[in-house]
Amino acid sequence: MKLFVNDLTVIDSSVVYVDRGVVGESWIVDLQLTGNLNDESMVLDFGLVKKQIKSLIDQLVDHCLIVPSRAPSLAFDRSSTKTWVKNSFCRAASFYVQGPEQAFCFIDASYIDVETISKYLEQAILPQLPSNVQEISIKLREEQIDEPFYHYSHGLKKHTGNCQRIAHGHRSRIKIFKNGQLDSLLQSFWADRWKDIYIVTEEDINLSKPCDPARELGFGENVYTSYESLQGYFEIILPRERVEVVNVDSTVEQLANYIASQLAELNPNQKIEVQAFEGVGKGAIAEAMYIKN
């Protein structure tokens, strides 16, 4: 007997792609269980599926930096107090990220894709299910988007949950209206501007010298960001061209305001409305207008 649950949850994480660097991703999760019926004539109660399996997925990969531990261009060190990862494949993809161990998900692979993550989750979750469940199939899929979108990564040091992790992210659509009309040119402009972007809050930029492993990266101009939050100490170093520095916290509400104000200045005397998404099916709306005489 097989049991299925579509749209079980959404994974919002950042992934290490050795040729792209730290990239925000969002995947919708579909689940299928194969097994014998239990004493309740069920493979597994839907309530347990939605609670237990979703919780395990959240713990294993959600709001983490997902790292392919066998990628040859990566170096890393793992400990209970400090874990770091750096990439030296090329300048555009170079980075150094440090944080608590729970902010990372290391997968024994040379690259990351949806099949790799699905297999990792299946192998980790199946042993924790009741014995009548014989097989688990997890499928990750991207939201189908027929308009401009971007991948962004960030961290929210003031957040009390896992959003405080300095390298997590989202794959997000963007809707922009000018004077009430959807403007595809502005949408494409912003999607190109934020392609594979990392968003830094200005007050988190660290002007001191980074630690020894980070100094070995050999960057040109770079941005060094660090902060202390409830889960511990975090830092990230990225090439300047991969970063957008904003003067606000990088919550979706503030990012919607930021995008609207930036576009309003570029389009004076025009009413700009921005619908900024944070992953799948959620986000914030902001309006702005810059009056120029």
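Quick look at the numbers
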item	result
Of all residues making up segment 152-209, the number that are aliphatic (A, V, I, L, M) and within 17 Å of the chain's Cα centre (by Cα)	8
Considering residues of segment 1-41 that are under 20 Å from Gly169 (Cα atoms) and among the aromatic types (Phe, Trp, Tyr) only, the residue surrounded by the fewest Cβ atoms within 10 Å (Cβ to Cβ)	Tyr17
Strands (runs of 3 or more DSSP E) wholly inside segment 218-293 that include at least 1 residues being among the aliphatic types (A, V, I, L, M), crowded, with 17+ Cβ neighbours inside 10 Å and modelled with pLDDT of 95 or more	232-239, 243-246, 272-277, 283-288
Residue match in segment 33-55 (condition: at pLDDT 90 or above and in contact with a His (Cβ under 8 Å, 6 or more places away or on another chain))	no
Pair list, Cβ < 9 Å and 6+ apart or interchain, from segment 136-150 residues that are under 13 Å from Ile57 (Cα atoms) to residues that are of a type outside the set (A, V, I, L, M) and buried (at least 20 other Cβ atoms within 10 Å of the Cβ)	Leu140/Trp27
Of all residues in segment 187-209 being assigned to a strand (DSSP E or B) and among the hydroxyl-bearing types (Ser, Thr, Tyr), the one that is surrounded by the most Cβ atoms within 10 Å (Cβ to Cβ)	Tyr198
Qualifying residue in segment 179-186 (condition: in a strand (DSSP E or B), in contact with a helix residue (DSSP H, G or I) (Cβ under 9 Å, 6 or more places away or on another chain) and loosely packed, with under 13 Cβ neighbours inside 10 Å)	no
Subset tally (residues that are part of a strand (DSSP E or B) and either surrounded by 15 or more Cβ atoms within 10 Å (Cβ to Cβ) or in contact with a Pro (Cβ under 6 Å, 6 or more places away or on another chain) (or both)) for segment 76-91	6
Strands (runs of 3 or more DSSP E) contained entirely in segment 92-150, each with at least 2 residues that are of a type outside the set (A, V, I, L, M) and more than 28 Å from Ala75 (Cα to Cα)	133-141
Residues of segment 44-57 that turn out to be surrounded by 23 or more Cβ atoms within 10 Å (Cβ to Cβ) and over 26 Å from the mean Cα position of the chain (by Cα), as a count	0
Single residue of Asp7, Asp19 found to be under 24 Å from Gln134 (Cβ atoms), at pLDDT 95 or above, over 13 Å from the mean Cα position of the chain (by Cα) and charged (D, E, K, R)	Asp7
Every residue from segment 60-75 that is without any contact (Cβ under 8 Å) to a residue 60 or more places away in the chain and either among the β-branched types (Val, Ile, Thr) or exposed (fewer than 14 other Cβ atoms within 10 Å of the Cβ) (or both)	Ile66, Val67, Arg70, Pro72
Residue check for Asp30: more than 20 Å from Gly155 (Cβ to Cβ) and either at pLDDT 95 or above or touching a strand residue (DSSP E or B) at 6+ places or on another chain (Cβ under 8 Å) (or both)	yes
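The values are calculated or read from the model by the stated rules, or taken from the named source; none is laboratory data. Here the structure is a predicted model, which means the values were calculated and not measured. Positions of Cβ are generated from backbone atoms using ideal geometry, with glycine treated the same way; all protein chains shown enter the neighbour counts.
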